[in-house]
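The values are calculated or read from the model by the stated rules, or taken from the named source; none is laboratory data. On a predicted model such as this, the values are computed, not experimentally measured, just so you know. In this analysis, Cβ positions are derived from the backbone assuming ideal geometry, glycine residues included, and neighbour counts consider all displayed protein chains. Protein only, heavy atoms only, side chains kept; ligands, DNA and RNA dropped before computing areas. Shrake-Rupley method; radii C 1.70, N 1.55, O 1.52, S 1.80 Å.
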Amino acid sequence: MSALQTREVLIPNIGDAEDVEVIELCVRPGDAVSVDGALIVIESDKASMEVPSPCAGTVRELNVALGDLVNTGRLIAVLDVEGDAAEAAPPTPPAAPAQGVADAPTTAQTPPAAPRPPPSAPATSEASPDAEPPPKAKVYAGPATRRLARELGVDLERVRGSGGAGRIVKDDVKAFVKAAMSAAKDGAGGGIPALPVVDFSRFGPTEEVPLPRVGVRGARNLHRSWLNVVHVTQHDEADVTDLDGFRKSLAAEAEARGVKLTLLPFILKACADNLRAFPRLNASLNAAVDGLILKRHWHIGFAVDTDAGLIVPVIRDVDKKGVWALAEEIAELSELARGGALRPAQLQGGTFTVSSLGRVGGTGFTPIVNAPEVAILGVGRLATKPVWDGAAFQPRAMLPLSLSYDHRAINGVEGGNFVMALCRLLGDIRRLAL
Ligand code: CAO
């Protein structure tokens, strides 16, 4: 039996790369390492690579820390090795240069790797997509595993490693994906707990009435939006005293045109104008939820209350239409909606929605975003209120506005600014001509 010797391991030749960051420590002092077992992972701006152990042994010292910037020849670790192993292994090998294809498997220039030591971390089967991941300073995973995780969209922080020192290997990533897929299939994990089924007749007389077909479909869409969209609602009031006065002054002309001129066409027009100034509210999130698709068209849907349920016809190119034309189209589409005669194309392509409960009443409500749109405006009932003008209270016609938006796409300041700007436009619609 040969004597125990110490062996220094240095950063191998990493070509032109300088000040390369240590992004993972794969071992700790006291850990057993095999030939080619990863000691640390370093990452240049072009690639990451494992630095393997040149021989089997036990880590006596680890001489680098996470975040250290290292260069060729820097001492990484001191190993205790059996005399034979120390002699058998060549000096610290020149390793593959750090440049090149990211995550390429490490090139072993030492004798073939010994079997990996038995896992010291919890087995992969215990990992679950819903389980709280153990707190980790840094994820232990090699470049190829990282690449696989990136390709599959797996967050490595949520994966339990089955390798030495909790190191994540490719099989752990695959097992994680498998568990996530079967949880999704079973409706578990991401699902919500079902409500209890209660026999209400135990408490008194009841009657069950069917929901209209449109209502059932609408309910599903609303539920989907509610579950997917991160809702925030911003409330404000627009001073529409002048606008409402102007609208009323057009009553005779409206009658002559055979058009009912309510506040709604003005609101749609102002929204289209405002959406041009705030393009992120006239958008949809992309499928990966890491980008926003800005729409350079302004098709606005408006909610219509029908006997069959809520229907949202869409007026195309609101930005290009005048208030009279919008009033006519609102009347026409509402009639078609109430008669169940809308064509599919008249229900599609909306970029923003307005839901007006003005004729019903209310000082504000929380409209549900008509996803995949990212914002919806709720309109309440206009009321005359005393407003302080700096010297006295004045009776002003105030219109409650409630903007719900998807907080994944729009931040609070943006949402607030949108509503404030809309209030300014409705407060002085001459601005629409600017
Ligand atoms: N404040 C005060 N009065 C209002 C008002 C407001 N914000 N909005 C409308 N009104 C008045 C109108 O001026 C009209 O008054 P007159 O009868 O004296 O002329 C009356 O209320 C009825 O208006 P309307 O509803 O016929 O017309 P509209 O253009 O405002 O709305 C439509 C059209 C189709 C949107 C509406 O009829 C409708 O269906 N609204 C319900 C939408 C809905 O259900 N939203 C909730 C969805 S849940 O998110």
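Annotation: of all residues in region 157-174 being of a type in the set (A, V, I, L, M, F, W, C) and buried (at least 21 other Cβ atoms within 10 Å of the Cβ), the one that is farthest from P29 (Cα to Cα) is V173. Examine region 346-362 for a residue that is away from the ligand (no atom under 13 Å from the Cβ) and either assigned to a helix (DSSP H, G or I) or not assigned by TED's automatic domain parsing to the domain that holds L263 (or both), and state whether such a residue exists. Yes: region 346-362 contains one or more residues that are away from the ligand (no atom under 13 Å from the Cβ) and either assigned to a helix (DSSP H, G or I) or not assigned by TED's automatic domain parsing to the domain that holds L263 (or both). Among the criteria (1) open to solvent by 50 Å² or more (accessible area, probe 1.4 Å); (2) away from the ligand (no atom under 14 Å from the Cβ); (3) assigned to a helix (DSSP H, G or I), the one L425 does not fulfil is (1).
Would you confirm whether or not region 372-387 contains a residue that is open to solvent by 50 Å² or more (accessible area, probe 1.4 Å), at pLDDT below 95 and among the β-branched types (V, I, T)? No, because not a single residue in region 372-387 is open to solvent by 50 Å² or more (accessible area, probe 1.4 Å), at pLDDT below 95 and among the β-branched types (V, I, T). Scanning region 239-249 for residues that are open to solvent by less than 30 Å² (accessible area, probe 1.4 Å) and near the ligand (Cβ under 9 Å from one of its atoms) turns up V240, D244.
When the test is whether a residue is within 13 Å of the ligand (Cβ to nearest atom), part of a helix (DSSP H, G or I) and aliphatic (A, V, I, L, M), L326 passes it. Filtered by the rule that a residue be within 15 Å of the ligand (Cβ to nearest atom), among the basic types (K, R) and in a helix (DSSP H, G or I), region 250-287 gives R257, K269. Scanning region 297-314 for residues that are assigned to a loop (DSSP other than H, G, I, E, B), more than 10 Å from the ligand (Cβ to nearest atom) and either crowded, with 21+ Cβ neighbours inside 10 Å or without any contact (Cβ under 8 Å) to a residue 12 or more places away in the chain (or both) yields a single hit, W298.
Selection of region 217-238 for residues being hydrophobic (A, V, I, L, M, F, W, C), within 13 Å of the ligand (Cβ to nearest atom) and open to solvent by 20 Å² or more (accessible area, probe 1.4 Å) yields A219, L222, W226.
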